[in-house]
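Structure first, commentary second.
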Amino acid sequence: MKLSRNRQSFRFLKSRTTHSIFPGAVYLKVAKWIETARKGLADEWQPRFSLSDPSLHLALGEAEALAWQTAFPHLVFPELAREKINKAIAWQRRQEEVHASSTVVFTA
């Protein structure tokens, strides 16, 4: 009984993976499209981040990982990436505010 349930779960998980959704050639096209979109978004948003700040690439990586978990990663990725980038910008601003307020408190 337990073995049967595990096999059913495995079949379900296997059917939900991206590689089984896309045939090989389509998978490569989608992967290339996402890579191109990722580079374009990185170029577009890089001026908002300092060169030493990895937040942009982390946000893009998280968005790509989440997108690949869906049935249509090439459709979901751009919106997820913009959402993650906006959150990274908000976090960066908040860190700057905290840093600025902490220097004022300690210098007074």
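Read the figures in this text as sums done on the coordinates, not as results from a lab. Note that the coordinates shown come from a computational prediction; the quantities given were computed from them, not determined experimentally. Glycine also receives a Cβ, built like all others from the backbone with ideal geometry; neighbour counts cover every protein chain displayed.
Miscellaneous remarks
- The local environment of A59, defined by Cβ-Cβ distances under 12 Å, has a net charge of +1 under the rule Lys, Arg +1 and Asp, Glu -1.
- Straight-line reach from K84: taking Cα to Cα under 12 Å and skipping same-chain neighbours fewer than 8 places apart, the aspartates and glutamates in range are E62, E64.
- Cβ-based exposure ranking for L80, L58, in which fewest neighbours within 10 Å come first: L58, L80
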